[in-house]
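Below is one structure, written out as C-alpha cells; the observations come after it.
The values are calculated or read from the model by the stated rules, or taken from the named source; none is laboratory data. What you see is a predicted model, and the numbers here were worked out from it, not measured in a lab. Note that each Cβ is placed from the backbone with ideal geometry, even for glycine, and that neighbours are counted across all protein chains shown.
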Amino acid sequence: MAATAIQRKEKLIERIFLLIAFSSIFSLFIIALFIFAEGLPLIWKVGLKDFLLSTRWAPTKGHFGIFAMIVSSFWVTIGALLFGGPLGLMCSFFLVEFASDRLRAFIKPALELLAGIPSVVYGFLGVVYLVPLVRDYLGGPGLSLLTASIILGIMILPTVISISVDALVAVPDSYREAAFSLGATRWQTTYMVTVHAARSGIITSLVLGMGRAVGETMAVIMIAGNALKIPLSPLDPLRTLTSNIALEMGYASGMHRQALFATGIVLFFFVMALNTIATVYARRKRIK
Amino acid sequence: MTPKRSEHIALGLMVSGAFLALAILFFIIAVIMIKGLPHITLRFLLDNPMDMGRAGGIFSTIVSTVYLLVVSLIIAIPLGVGTAIYLTEYTKEGLITKIIRFGTECLAGVPSIILGLFGFILLVIKLGFGWSVLSGGISLSIMILPVIIRTSEEAIKSVPASYRDINKVLGGTRWQGITRLVLPSAAPGILTGVILSVGRGIGETAVVIFTLGTSLRIPFSLFDSGRSMAVHFYLLAREGISMNNAYATAAVLVFSILFINILSYYLMHRFVARRR
C-alpha cells in the first residue's frame, strides 16, 4: 500500500500549493475588506453625493468633501500621461525599431533603473531643482500641477517603456519586411504598420502608467503644494487623493480617520478601473 | 514633406527623447552622488542618528531597513515561489490560473499608500502589533509578492520540459521533480526576482512609514518600531532637518539600489546565457 501513501502525500502537497497560490487574491480581498469596512460607514453618514461632490474638506468641523482632490488626481494623472506618454513611446520606438542591438543592450537596462529610484528621491530633486525653475520662469508658487505632472511623467517612464517595448517586439518581423518591400521607410513602417499591430499593448502601457501616476504618493506630497482647492491653471498647487491620505493619517482619529479610508476607497476604485481596462486591452492582443 | 524628410525628423525626435530620458537618469544619480558622497564616512554608517538626525549617522536606519526586508522576504518568498510552482507545475491554463493572474496583476497595481492604510488598520491597530518590524514586514511582503510571483514563474517556465520527462521516466513523484530538478534549475532566476524586490523594498516609503513607524532606536524584537533609510531621508528632507545628512542618506539608498539592480541584471544574463 506504499503507492497510496505516496499518492496521498502528493495530493496533500498539491492542495497546499493551491492554497498558497491564492495568497495574492486573498491579500487583495482582505485589503479591500478592511479599507471598505473602515471607510464605508463615513460615506454612509455623509452621503455619497456630498462626499464625492462637495469641495469642502474640514474634517475637524465635520465637512468631508473630496471633490477638489478627485479633480486634482485626475489632472495630475492626465498631466503625467502628457509628459511621460510621448517621451516613453519615443524611447520605445527608438529602442525597438531604430537602435542597434548594442545600443539597445545599454539603453534598455539603464532606463529600467529609473524604476528603482525611490519616489522620495524624485520628489526631493523635484523640489530642489524643478520647483525654483517653474517659480522663477513661469510664476506661481512653483509647487504646482505642472511640476507634479513633469515629475510623475518621468516616474511612469519605466512602466510605459517596458510594456510598450514588449508589445513592439512581439510584432512579427514579416510585417516589417512586407512594408519595407513595398518601399516604406523605417519611420513609415513604424507608424503605419508596427504601431498599428502593437496598438493594444501600447494602450495597456499608457493605462498602467496612469495607474502608477494616480497611486503615487510621496513624490506628489513633496512637489504638488497640497492646497485644498480645485486647480484652475497648471501653475496652481493641488492636493491629490493619495497625498490627502498620507498628509493627515499621522494625526487623524475617529470620523476624520474614517474619511481618509473613504478617500482610499475612491482611490481603490480608480486604480482597479485602470487595471481592468489594461487587462482587457492586454487580452485583446492575445486573442489575435 | 518627403518620406525621407519625415524619417529624419522622426528619428531626431526619438533620439532626443531617448537621450532626454537617459540624461534625467544620469542627472539624478550624479546629483545625489556628488552632494551625498562627501558626507559619507565610516562613522556616518556606523553611528546612530542623534538630535533627530541633525547629527550622528544612520546606523539604526540601516539595521531597520535590513530587518524589515528580511522579514518581508521570509513571508513573500514561500508564497510567491509557491504560487509560481502551482501555476506552472500543477495546473493547465484555465479559469483558476486566469483568476490568480488577474489577482496578482491587480495586487501589483494597488498603490502603496493603500497598502500602508491596510497595514495600519489591520496590523498596527486591530491585531495590536503596533508600529513594528512585523507590521512593516507583512505589509511590504504584500507589495513585493507580485514581483516574486512573476519572476519565479518566468524562471520555472524556462526549465526545459525534458527535466520533467526524465523525472517521470525515472519514477519520481511530482514533488521530487520540483524539489530536486525544477527548483534548483530555476533558482538563479528566482534569486534575480528576489533581488529585484529587495531593490523595490529599500526605496519604499508610503507603506513603511505607517506600519514600521519612525522610531530612531535599533529594533531588536519583531514588535519594535524602527525607521527605514527611505523614511529617514523623507523626514530629513521634508522637515529640512539636515540637508547634508539627507543627501548622504539618499546617496546610500541610491547606491544600494544601483548595486542591487546591476547585480540582478548580471545574474539574469548569466542565467539566460546558461539556458541557451
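Part of a helix (DSSP H, G or I) and away from chain B (no Cβ under 14 Å): which single residue out of A:L168, A:L146, A:L152, A:L157 fits that description? Walk me through it before giving the result.
Numbers: A:L168 fails: away from chain B (no Cβ under 14 Å); A:L152 fails: away from chain B (no Cβ under 14 Å); A:L157 fails: away from chain B (no Cβ under 14 Å).
One residue alone meets the criteria, A:L146.
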Inset, instruction - Would you confirm whether any residue within the stretch A:97-105 is more than 26 Å from the chain's Cα centre (by Cα), away from chain B (no Cβ under 13 Å), on the phi < 0 side of the Ramachandran plot and surrounded by 16 or more Cβ atoms within 10 Å (Cβ to Cβ)? - result: no
Legend entry - Those residues of the stretch B:75-123 which are facing chain A (nearest Cβ under 7 Å), under 16 Å from B:L145 (Cβ atoms), in contact (Cβ under 8 Å) with a residue 40 or more places away in the chain and β-branched (V, I, T), in sequence order: B:T83, B:I85, B:T104
Inset, instruction - Having 3 or more residues that are hydroxyl-bearing (S, T, Y) and in contact with a Leu (Cβ under 8 Å, 6 or more places away or on another chain) is the bar; report the helices (runs of 4 or more DSSP H) wholly within the stretch B:1-117 that clear it. - result: B:59-85
Inset, instruction - Output the residue which, of all residues in the stretch A:18-32 that are out of contact with any Leu (no Cβ under 9 Å at 6 or more places or on another chain) and surrounded by 17 or more Cβ atoms within 10 Å (Cβ to Cβ), is farthest from B:E89 (Cα to Cα). - result: A:A32
Inset, instruction - Give the residues of the stretch B:207-248 that are β-branched (V, I, T) and within 18 Å of the chain's Cα centre (by Cα), sorted by residue number. - result: B:V207, B:V208, B:I209, B:T211, B:V231
Inset, instruction - Please tell me if A:L232 is free of Cβ contacts under 8 Å to residues at least 40 places away in the same chain, over 20 Å from A:D50 (Cα atoms), surrounded by fewer than 18 Cβ atoms within 10 Å (Cβ to Cβ) and touching a helix residue (DSSP H, G or I) at 6+ places or on another chain (Cβ under 7 Å). - result: no
Legend entry - First in the stretch A:247-265 and at the interface with chain B (Cβ under 9 Å from one of its Cβ atoms), second anywhere and among the charged types (D, E, K, R) and surrounded by 21 or more Cβ atoms within 10 Å (Cβ to Cβ), Cβ under 9 Å, 6 or more apart: A:M249/A:R257; A:R257/A:E38; A:L260/A:E38; A:F261/A:E38; A:G264/A:E38
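Given the structure, is A:A246 closer than 15 Å to A:W44 by Cα and surrounded by 22 or more Cβ atoms within 10 Å (Cβ to Cβ)? Talk me through it step by step, then tell me what you get.
Working: closer than 15 Å to A:W44 by Cα: no; surrounded by 22 or more Cβ atoms within 10 Å (Cβ to Cβ): yes.
No; evaluated as a whole, the condition is false for this residue.
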Legend entry - Residue satisfying all of: in the stretch B:131-181; within 20 Å of B:L267 (Cα to Cα) and among the charged types (D, E, K, R); surrounded by the most Cβ atoms within 10 Å (Cβ to Cβ) among these: B:E153
Legend entry - Yes/no for B:S16 being among the polar types (S, T, N, Q), touching a strand residue (DSSP E or B) at 6+ places or on another chain (Cβ under 7 Å) and more than 30 Å from B:I149 (Cα to Cα): no
Inset, instruction - Any chance you could count how many residues in the stretch A:172-207 are without any contact (Cβ under 8 Å) to a residue 12 or more places away in the chain and over 32 Å from the mean Cα position of the chain (by Cα)? - result: 8
Inset, instruction - Look through B:S152, B:S132, B:S139 and report the one residue that is within 19 Å of B:V70 (Cβ to Cβ), touching a Pro at 6+ places or on another chain (Cβ under 8 Å) and in the same structural domain as B:L183 (by TED's automatic domain parsing). - result: B:S132
Legend entry - Sole exception among (1) surrounded by fewer than 24 Cβ atoms within 10 Å (Cβ to Cβ); (2) within 10 Å of chain A (Cβ to nearest Cβ) for B:N244, by number: (2)
Inset, instruction - Could you grab me the full set of residues in the stretch A:1-48 that are more than 7 Å from every other protein chain (Cβ to nearest Cβ) and of a type in the set (D, E, K, R)? - result: A:R8, A:K9, A:K11, A:R15, A:K45
Inset, instruction - Return the pairs, sorted by first residue and then second, in which the second residue is surrounded by 21 or more Cβ atoms within 10 Å (Cβ to Cβ) and of a type in the set (D, E), the first residue lies in the stretch B:140-169 and is within 11 Å of another protein chain (Cβ to nearest Cβ) and assigned to a helix (DSSP H, G or I), the beta carbons are less than 8 Å apart, and the residues are 6+ apart or on different chains. - result: B:M143/B:E204
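Would it be correct to say that A:G183 is surrounded by fewer than 19 Cβ atoms within 10 Å (Cβ to Cβ), more than 14 Å from chain B (Cβ to nearest Cβ) and not basic (K, R)?
Considered against the rule, which asks whether it is surrounded by fewer than 19 Cβ atoms within 10 Å (Cβ to Cβ), more than 14 Å from chain B (Cβ to nearest Cβ) and not basic (K, R), A:G183 comes out as no.
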Inset, instruction - Kindly indicate whether any position in the stretch A:113-135 is part of a helix (DSSP H, G or I), within 13 Å of chain B (Cβ to nearest Cβ), basic (K, R) and at negative phi. - result: no
Inset, instruction - Please work out which residue is surrounded by the fewest Cβ atoms within 10 Å (Cβ to Cβ), limiting yourself to the stretch B:82-99 and to residues that are under 21 Å from the mean Cα position of the chain (by Cα) and either closer than 21 Å to A:F29 by Cβ or basic (K, R) (or both). - result: B:G82
